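Enquirer: Handing you this structure, nothing more for now.
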Amino acid sequence: MQIVGRAKGLALVGLFTIVFLSASWTLSAALVDGIEGSATRLALASGEPPAPNTTPEVSAEAEASMPNGSPVPTSVYQPPASNSYPVSDPSPPPPAPPDVPLLPQEASIQDALRAAAFPRQPLSNERLVGNPNAGRRVALTFDDGPVPGWTEKYLAVLREKGVLATFFFVGRSAAKEGQLVKEVASAGHEIGAHSYSHRRLTLLTKPLLEKEFWAAGTALYELTQRPITYFRPPYGATNAAVLKTAQEMGQTVVLWNVDPRDWEAPNARAIVDHVLKHVRPGAIILLHEGKPATYEALPYLIDKLQAKGYEFVTISQLFGFGMPDAEESAVTQEEEPARYSRKGR
Ligand SMILES: [Zn+2]
């Protein structure tokens, strides 16, 4: 009697287990399908990969995409094998020749991306802080963008004044605000990288350092379809490891020699006054995005410098890189020892 009771009990447990397992398999397959679908869409929208090792909560969208009453999720549906090939040609297609891989390997994709997004070699192994041979030309540079609500405003001023500048974008912000990056690029301004996450690079290990260059450069390349040539380290912080990595990644490090500290300036006038006092031929002027005082100062700054005979150019134009007379100009710079240097910045 006891044995029969136990057997009945076991049979019931077994039955429940089968019912429970099949029900939970169907539900989890549907959930995973929904979550993966929405995660892919999110990644495509923001340009950022979905975070690994996290269990996403079921979104309303994922829940809505779950089949109602239909126990078979679409992802496990297999079409009948008989429809795979036309009846008149039942043999499978011939295999590809062995030297042509069916799918490109991940390494070769990385190589191709690296070749497209990064120059083979830097334009200069020095940290560029200004070009005294540039005559009455100066470069306006804007760090820390894109900043929605501000980048558009800065662009409008530059457009109105007919002036080109160089924007050093933070890769992470660029990936989120891709449209702004595209607008800056299509307006003819130059774009450089300002690392991916704006960390102080001198504190990072070599692999993290490389990641900062790689992620920023590829994010910007994907948006602009231009190789990323210039790199401005956050806080201007460099050491031997940062400079070596920049060289390996084909990046030319660009610093500055006029810094009005616009991010802490009490007002627009303080910014304009500082720049007018310290400007010199071939200067690189450091400014930041998203700052009301900087935005307010910008039209005055442009007018006053133009009144002093200065012309605004991009970093490439300031150094003659990529211009018809680039080689000649580069030689002149090599021979000229009086280049501004700014040690420790
Ligand atoms: Zn910065």
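Enquirer: Which of (1) in a strand (DSSP E or B); (2) more than 16 Å from the ligand (Cβ to nearest atom) is the odd one out, the single condition PRO148 does not satisfy?
Expert: For PRO148, the exception is condition (1).
Enquirer: In this structure, does ARG172 turn out to be basic (Lys, Arg) and away from the ligand (no atom under 16 Å from the Cβ)?
Expert: Criteria not met by ARG172.
Enquirer: Next question, about the same structure. Pick out the one residue from LYS176, LYS161, LYS153 that is touching a residue at least 40 places away in the same chain (Cβ under 8 Å), touching a Ser or Thr at 6+ places or on another chain (Cβ under 9 Å) and more than 24 Å from LEU243 (Cβ to Cβ).
Expert: LYS176
Enquirer: Can you tell me which of ARG120, ARG137, ARG127 is within 16 Å of the ligand (Cβ to nearest atom) and over 24 Å from GLY290 (Cα atoms)?
Expert: None of the others qualify; the one that does is ARG127.
Enquirer: Residues ARG136, ARG120, ARG159: which one is in the same structural domain as LYS304 (by TED's automatic domain parsing), modelled with pLDDT under 95, over 14 Å from the mean Cα position of the chain (by Cα) and surrounded by fewer than 24 Cβ atoms within 10 Å (Cβ to Cβ)?
Expert: Selected residue: ARG120, the only one of ARG136, ARG120, ARG159 that is in the same structural domain as LYS304 (by TED's automatic domain parsing), modelled with pLDDT under 95, over 14 Å from the mean Cα position of the chain (by Cα) and surrounded by fewer than 24 Cβ atoms within 10 Å (Cβ to Cβ).
Enquirer: In the stretch 220-238, what residues are away from the ligand (no atom under 16 Å from the Cβ), in a helix (DSSP H, G or I) and not β-branched (Val, Ile, Thr)?
Expert: Once the filter is applied, which keeps residues that are away from the ligand (no atom under 16 Å from the Cβ), in a helix (DSSP H, G or I) and not β-branched (Val, Ile, Thr), the stretch 220-238 yields TYR221, GLU222, LEU223.
Enquirer: When you scan the stretch 185-214, how many residues do you find that are over 18 Å from ASN239 (Cβ atoms), more than 16 Å from the ligand (Cβ to nearest atom) and not in a loop (DSSP other than H, G, I, E, B)?
Expert: Residues that pass the stated criteria total 4.
Enquirer: Kindly indicate whether any position in the stretch 199-211 is surrounded by 21 or more Cβ atoms within 10 Å (Cβ to Cβ) and under 20 Å from VAL163 (Cβ atoms).
Expert: No, that holds for no residue.
Enquirer: Which of the residues spanning the stretch 239-279 are over 27 Å from ALA185 (Cα atoms) and either touching a residue at least 24 places away in the same chain (Cβ under 8 Å) or within 16 Å of the ligand (Cβ to nearest atom) (or both)?
Expert: ASN239, ALA241, GLU264, ALA265, PRO266, ASN267, ARG269, LEU276, listed by residue number.
The values are calculated or read from the model by the stated rules, or taken from the named source; none is laboratory data. Bear in mind that the values here come from a model prediction, so they are computed numbers and not experimental data. Glycine gets a Cβ as well: all are built from the backbone with ideal geometry, and neighbour counts include every protein chain shown.
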